[in-house]
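Enquirer: I'd like to ask some things about the structure below.
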Amino acid sequence: MAALPRLGRRGGLHRSREGGSSGVEVTDGGERGLTVDGDRLVADLERLAEFGVNEAGGIDRTSFSAADLAARQWLIARCEEAGLEVAVDGIGNIVVSSPDLEAGLADQAPVWTGSHIDAVPNGGRFDGPLGSLAAIECLRRLHEERVPLARPVRAVVYTDEEGNYAHLFGSSALTRGFSVAELSNLVGRDGDRFADTFAASGGDLDAAAEVRLAPGALHATVELHIEQGPLLERQGIQIGVVTGIVAIGGGAVRFTGQADHAGTTPMIGRRDSVVAAAEFITLLPALAPRVGPAAVVTTGIVRAEPGGSNVIAEAAEVVVDYRDPSTDNARELEALIAAVADEVASRHGSRVETHWEDIVPAAPLHSEVRDAIRASAEQLGYSSVDIASGAGHDSQNLATLAPTGMIFVPSTGGRSHSPAEHTPWPDVVRGADTLLGTVIRLAS
Ligand code: GLV
Ligand code: MN
Ligand code: MN
């Protein structure tokens, strides 16, 4: 990639006003450079948070659920209202562009910015929506001001980042591709078959299997996201410049024993799959520190079958998620987990099967994109610090194709993947302004 310019657009019209609900001043030029319309971004985030909201205030918006489909429709209409053009690829990734800004740039690889709008079960309002709607807001501002750029800027919303069907599903399709056979075999963490859900939402497996981006197709990518941890808030720093993203592995471990009567079968000699699974789970936390200080392992889904209170469970399935900043450590952790599963199963007279997904490798983020983020924050007068990501992001897939960077903003109390997820509006707008400055630098 050619060197990225260090300076953003300066000068031009200078309109400014005190922020409304966002609490941050909006400027259209001058020393701070072009900035977003914070009130409009806040309104968009509040509107998107209505799709799939539950009684606890959490968001239930798994990919291709009714809430996700309705949210997509709203988002597409919102882009079209702004005069932007929307394309949806075969797996549902949404790519938004400004035909006016792209005139004469057909030969230039674009800059992509975006995130996701699907949510974990009972998730929060910011994980994904922030980076998606901020990307659209950035493009809208560039389009409104007809900012002359050297290459196209596109806003992207990736499908199923939370990985109901596969880790970072939409961006994995773009970077590794899925065959029709692989897609046909995918079963969601919520138990439904991808092929059924996808067909019901109008998708076509052949088209999904064709989704793939060629190396060189993108000039650079950048994603804005909430930190999802406590570090920025604790340090009182406004912008995180992400240095790298962890490797993520995961899959299902299934213990099969023997179903029997809960009242008549003596305790000695039972082949209770739930007891085997429970013992397995309690052994996992001690495995993580054996591969590295930042390694983590989680079992967020446990299922017993057939699931009767008076039936000794024949099978128990545990879905495991493990991560480490080093891909090799993540592989080592997977091997340790598999060995413990075997050992526990043999002690309980159970059979064990493991189905691991491909590990999504750790991704160091690109120094020139990080420089552009830092310069953008500096121009806006925001404090910034380097920070590593323990959460997975589509950017780790995109980083295999193009120089990629990520911007973090603080998460109140470090809370995330919960209805408690919160980022104050001024931080939201600071992140979006930093994104806009970065995108301009990358596309200049
Ligand atoms: C996504 O949020 C992940 O880290 O799994
Ligand atoms: Mn996310
Ligand atoms: Mn998430």
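The values are calculated or read from the model by the stated rules, or taken from the named source; none is laboratory data. Just so it is clear, the model here is predicted, and its values are computed rather than measured. Here the Cβ is made from the backbone with ideal geometry for all residues, glycine too, and neighbour counts use every protein chain on show.
Enquirer: From the list 140, 154, 146, pick out the single residue that is in the same structural domain as residue 88 (by TED's automatic domain parsing) and assigned to a loop (DSSP other than H, G, I, E, B).
Expert: 146 is the lone residue from the list that is in the same structural domain as residue 88 (by TED's automatic domain parsing) and assigned to a loop (DSSP other than H, G, I, E, B).
Enquirer: Sticking with this one: Before we move on, is residue 260 closer than 30 Å to residue 352 by Cα and surrounded by fewer than 21 Cβ atoms within 10 Å (Cβ to Cβ)?
Expert: yes
Enquirer: Turning to a different aspect of this structure: Please determine whether any residue of the stretch 169-186 is within 15 Å of ligand 2 (Cβ to nearest atom), of a type in the set (A, V, I, L, M, F, W, C) and either part of a loop (DSSP other than H, G, I, E, B) or not assigned by TED's automatic domain parsing to the domain that holds residue 303 (or both).
Expert: Yes, the stretch 169-186 contains a residue that is within 15 Å of ligand 2 (Cβ to nearest atom), of a type in the set (A, V, I, L, M, F, W, C) and either part of a loop (DSSP other than H, G, I, E, B) or not assigned by TED's automatic domain parsing to the domain that holds residue 303 (or both).
Enquirer: Another question, then. Condition check: in contact (Cβ under 8 Å) with a residue 24 or more places away in the chain, closer than 19 Å to residue 441 by Cα, within 13 Å of ligand 2 (Cβ to nearest atom) and assigned to a helix (DSSP H, G or I). Does residue 114 satisfy that?
Expert: Here the answer is no, as residue 114 does not meet what is asked.
Enquirer: Taking the conditions exactly as written (touching a residue at least 12 places away in the same chain (Cβ under 8 Å), out of contact with any strand residue (DSSP E or B) (no Cβ under 6 Å at 6 or more places or on another chain) and assigned to a strand (DSSP E or B)), does residue 300 satisfy them or not?
Expert: Values: touching a residue at least 12 places away in the same chain (Cβ under 8 Å): yes; out of contact with any strand residue (DSSP E or B) (no Cβ under 6 Å at 6 or more places or on another chain): yes; assigned to a strand (DSSP E or B): yes.
Yes; evaluated as a whole, the condition is true for this residue.
Enquirer: Residues that are within 19 Å of residue 227 (Cα to Cα) and either within 16 Å of ligand 2 (Cβ to nearest atom) or not assigned by TED's automatic domain parsing to the domain that holds residue 56 (or both), at least 2 per element: which helices (runs of 4 or more DSSP H) completely within the stretch 310-422 meet that? Lay out the reasoning, then the answer.
Expert: Details: elements: 327-348, 367-380, 395-398.
Once the helices (runs of 4 or more DSSP H) in the stretch 310-422 are filtered for at least 2 residues that are within 19 Å of residue 227 (Cα to Cα) and either within 16 Å of ligand 2 (Cβ to nearest atom) or not assigned by TED's automatic domain parsing to the domain that holds residue 56 (or both), what remains is 395-398.
Enquirer: Return yes when residue 148 is surrounded by fewer than 23 Cβ atoms within 10 Å (Cβ to Cβ), within 12 Å of ligand 3 (Cβ to nearest atom) and either free of Cβ contacts under 8 Å to residues at least 12 places away in the same chain or under 21 Å from the mean Cα position of the chain (by Cα) (or both) and no when it is not.
Expert: No; evaluated as a whole, the condition is false for this residue.
Enquirer: I need the full set of residues from the stretch 214-257 which are surrounded by fewer than 21 Cβ atoms within 10 Å (Cβ to Cβ), assigned to a strand (DSSP E or B) and within 24 Å of the chain's Cα centre (by Cα), in order please.
Expert: 243, 244, 251, 252
Enquirer: Out of all the residues in the stretch 249-265, is one or more away from ligand 3 (no atom under 16 Å from the Cβ) and either without any contact (Cβ under 8 Å) to a residue 24 or more places away in the chain or of a type in the set (Phe, Trp, Tyr) (or both)?
Expert: Yes - at least one qualifying residue is present in the stretch 249-265.
Enquirer: Go through the stretch 49-108 and count every residue that is more than 17 Å from residue 142 (Cβ to Cβ) and aliphatic (A, V, I, L, M).
Expert: Counting residues in the stretch 49-108 that are more than 17 Å from residue 142 (Cβ to Cβ) and aliphatic (A, V, I, L, M) gives 17.
Enquirer: I've got another one for you. For residue 292, indicate whether it is away from ligand 3 (no atom under 16 Å from the Cβ), modelled with pLDDT of 95 or more and in contact with a helix residue (DSSP H, G or I) (Cβ under 6 Å, 6 or more places away or on another chain).
Expert: yes
Enquirer: Going through the stretch 208-237 one residue at a time, which ones are within 30 Å of residue 90 (Cα to Cα), away from ligand 2 (no atom under 16 Å from the Cβ) and not β-branched (Val, Ile, Thr)?
Expert: Selection gives 208, 209, 210, 212, 213, 214, 215, 216, 217, 218, 219, 220.
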